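Structure first, then comments.
The values are calculated or read from the model by the stated rules, or taken from the named source; none is laboratory data. Quick caveat: nothing in here was measured; it's all calculated off a predicted structure. Virtual Cβ from ideal backbone geometry, glycine too; neighbours counted across all protein chains shown.
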């Protein structure tokens with residue numbers, strides 16, 4: 001079973017590289033170019049490790065970084081001003 005997963009991963013990575021997907025290599029896994037503070041990554045890693053073990057070390061950082069970026073986008077979201085006209 002592990003051999004099939006490794007082959008599928010290698011083929012997927014090769015396919016990503018062939019079509020020119022940016023960050024298809026190992027650098028995408030290391031978080032290169034992510035605009036998230038290191039403290040957020042660190043806290044996500046520690047929290048994930050405490051709750052889910054070794055797998056949580058990686059999943060916690062990803063989930064917290066994604067939540068951080070979503071919160072930033074939500075805070076920058078502008079609401080349209082209400083239409084105030086003199087015809088009322």
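Quick look at the numbers
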| read-out | value |
| --- | --- |
| Residue match in the range 20-38 (condition: in a helix (DSSP H, G or I) and at pLDDT 85 or above) | yes |
| Where a residue in the range 51-78 is exposed (fewer than 10 other Cβ atoms within 10 Å of the Cβ) and its partner, wherever it lies, is outside any helix (DSSP H, G or I), with Cβ under 6 Å and at least six apart | none |
